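Take a look at the structure set out below.
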Amino acid sequence: MEKLTYRHVAALRAKGTRDQAIVGVVASGNLEVLVERGLPDGECEVEIRTPVEGFGDVWSAVVVDFVGRSSPGGLKLSINDGGARPDMVALRLAQAVRAIEGERS
Amino acid sequence: MSSPSWFEASARQRVKEMLDQDSFVEFIGPEQRETSPHLSLFDLPEQFDDGMIVGRGLLDGKPVFIAAQEGRFMGGAFGEVHGAKLTGLLRAARDVGSIPVVILFDTGGVRLQEANAGELAIAEIMRAVVEARLAGVPVVGLVGGRAGCYGGGGLTAGSCSALAVSEQGRISVSGPEVIETNRGVEEFDSKDRALVWRTMGGKQRYLIGGADVFADDTVASFRDAARYVIEHAAALDLDTLQAEQVRLEQRIERFGACADAIDIWRSMGAADPQSLPGMAFEDFVALADGLKETRHVAR
Amino acid sequence: MLLADILASLFPGGHEVIVQGGLASGRGTLPSGSQLAVIGVDGRLPVGIDEAARLARHVLDVTTSGSNDPILVLVDSDSQRMSKRDEMLGLSEYLAHLAKCLIHADAHGHPTIGLLYGHTAAGAFIATALATRVLLALPGAEPAVMDLPSMSRVTKLPIEVLQEKAKSTPVFAPGLDNLAQTGGVAAVLDPTRSLADQLEAVLTTVAGTGLQADTRDQLGKQRQGRPKAADIAERVRELALASV
């Protein structure tokens, strides 16, 4: 089991007032993302636990792309990975932000 | 918009959509990160809620305790934390004595990586179900998920006051693969999906009296079914157990020599038993309610 | 120990327990004079719908007999019977019914005590031994949820790897010690001493009581076999009570 943590500066605070949300499921090719507030408005953290080791570069790239596209300021995102592909990871991260901002996922 | 498919929905969606809007309050939610202490030994990923959601909400304005298994995480299997959450909920229901419990089953049975903890969890859950029922609390089960309701899940479902099942909701102890592995393909061909459905599926369970309500595969239908079974839940007392004893003995007398579910349906009076598996929901319910074993069955 | 030897040690004055088709039923009188109802599965018999219905019938007969006899459940079984017929006819209902009858009897003046003296597994284990209030065992008993070869197939891990992992935790591998450590087996009896004396000692702790708290999860915590179950269940119970 590999644990990866990425911290980024985020341009905008995530909208909404919900404290937390969860999307996805830990299953083959899938993942769950638990998203919580609590960080300073300009920061974002993504913590990943994955049984597929040695893909730090890929995770890092997906997270950089996510932080650039979404506005996850103030959010901590915790991932339990079931061996998801990068496009699925990107989808779930975006869903997680929408969920905590109050949109239906 | 039509009601979402129960089979396709996640455990969280089922809970959210089934209860009155925004009424659900979770106990030990995923943010508590109470995950399995055993999966890491096998290098397997954890899920923050360990595949079991428990809490409280409203159904038509009335309070219910609710538990839901996520069938896609580890096949919805019972592990130590997963099971203990349901045990705690049932013990609370027993202590309160008036709030019904709704269990959304979706499980392959005991989680093998923590098999002893899972097996004991089932034993504790079944005892807690009986204790809650003896305290006058309806404990009802809904079965229609991807993983079905196998192993200890089947036994737990059999301990409930009443059950609702959809066509997709298989209820069984040994799964098809387990029977085939242990007894050979001649006994049970697990790849024969039609055989699996007619032997263990919701239609067969409803017809022989293994479930009280046949639900369509929608959240709305299961919501209606939950309301109905809570209203019609059997009390657990000596009369109920004796009636169940008779019911189960009679089932063996009537159908014990049948080689296949088709034979059972034929001997129940179905004119064209072969057509039952393919029959649409309304047609099947209409036919089944004329054929099926004693309504409001004791369990 | 063999069933006949167990019965002889429990009931030195003789008993009326018969074994038919692998199922035991009847009654005996302990040396102290207290009566005991007995049911059981012998000879590693699989428990299918027919067996479960017969055993449940015996339990209901005891419940309606007007006595206050404890019920002793003797177990040397296979797992549930794995067959098309049993599942087609609703084995889950039959096993659940048997468990319900035992727990109901326990709550209504017939304390239930299980005695595991051989094998048992999976659904048969849940519906018989694990449906009793106090589960005892004799050395050499072999409770299992699933055997290691089957577990190896499902988890896709070699048996040697499973055996190695089993050294560090009692949570998954078969065996009496593991089930005891996780809280499923209360005590292991000493076969060199009178079983009657040992059973009487247990009976004095349960006689005359109604349904009591299920403490198996706490036992599992004390014995360090199940680190989280008791605390999680209690936390959920308290949260649920506080929400009302």
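The values are calculated or read from the model by the stated rules, or taken from the named source; none is laboratory data. Everything numeric here is computed off the predicted structure, so don't read it as measured data. Using ideal geometry, Cβ is built from the backbone for each residue, glycine included, and neighbour counts are taken over all protein chains shown.
Observations on the model:
- When residues of region C:143-152 are limited to those that are part of a helix (DSSP H, G or I) and under 15 Å from B:Gly109 (Cβ atoms), the one farthest from the other protein chains (Cβ to nearest Cβ): C:Ser150
Per-residue answers, yes or no, for (1) more than 10 Å from chain B (Cβ to nearest Cβ); (2) farther than 21 Å from B:Glu26 by Cβ; (3) not acidic (Asp, Glu):
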residue	(1), (2), (3)
A:Ala11	yes, yes, yes
A:Leu34	no, no, yes
A:Leu39	yes, yes, yes
A:Glu47	yes, yes, no
A:Ser70	yes, yes, yes
A:Gly83	no, yes, yes
A:Ala90	yes, yes, yes
A:Leu93	yes, yes, yes
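- First in region C:229-244 and in a helix (DSSP H, G or I) and at pLDDT 95 or above, second anywhere and of a type in the set (Ser, Thr, Tyr) and surrounded by 17 or more Cβ atoms within 10 Å (Cβ to Cβ), Cβ under 6 Å, 6 or more apart: C:Ala233/B:Thr87
- Within region B:264-295, if we keep just the residues that are in contact with a helix residue (DSSP H, G or I) (Cβ under 8 Å, 6 or more places away or on another chain), in a helix (DSSP H, G or I) and not aliphatic (A, V, I, L, M), the residue that is farthest from the other protein chains (Cβ to nearest Cβ) turns out to be B:Phe284.
- Note on region B:144-254: enclosed helices (runs of 4 or more DSSP H) holding 1 or more residues that are in contact (Cβ under 8 Å) with a residue 60 or more places away in the chain are B:152-159, B:193-200, B:202-208, B:219-231.
- Test: residue in region C:146-157 that is touching a Lys or Arg at 6+ places or on another chain (Cβ under 8 Å), surrounded by 21 or more Cβ atoms within 10 Å (Cβ to Cβ) and either of a type in the set (Val, Ile, Thr) or more than 14 Å from C:Ile71 (Cβ to Cβ) (or both): no
- Scanning region B:53-78 for residues that are under 12 Å from C:Ala240 (Cβ atoms) and within 14 Å of chain A (Cβ to nearest Cβ) turns up just one, B:Gly55.
- Checking B:Phe73 against (1) without any contact (Cβ under 8 Å) to a residue 40 or more places away in the chain; (2) aromatic (Phe, Trp, Tyr); (3) surrounded by fewer than 24 Cβ atoms within 10 Å (Cβ to Cβ), the condition it does not meet: (3)
- Count of region A:63-101 residues, restricted to those that are in a strand (DSSP E or B) and out of contact with any helix residue (DSSP H, G or I) (no Cβ under 8 Å at 6 or more places or on another chain), is 4.
- In the set C:Leu162, C:Leu179, C:Leu157, only one residue is in a loop (DSSP other than H, G, I, E, B) and either modelled with pLDDT of 95 or more or farther than 20 Å from B:Arg183 by Cα (or both); that residue is C:Leu157.
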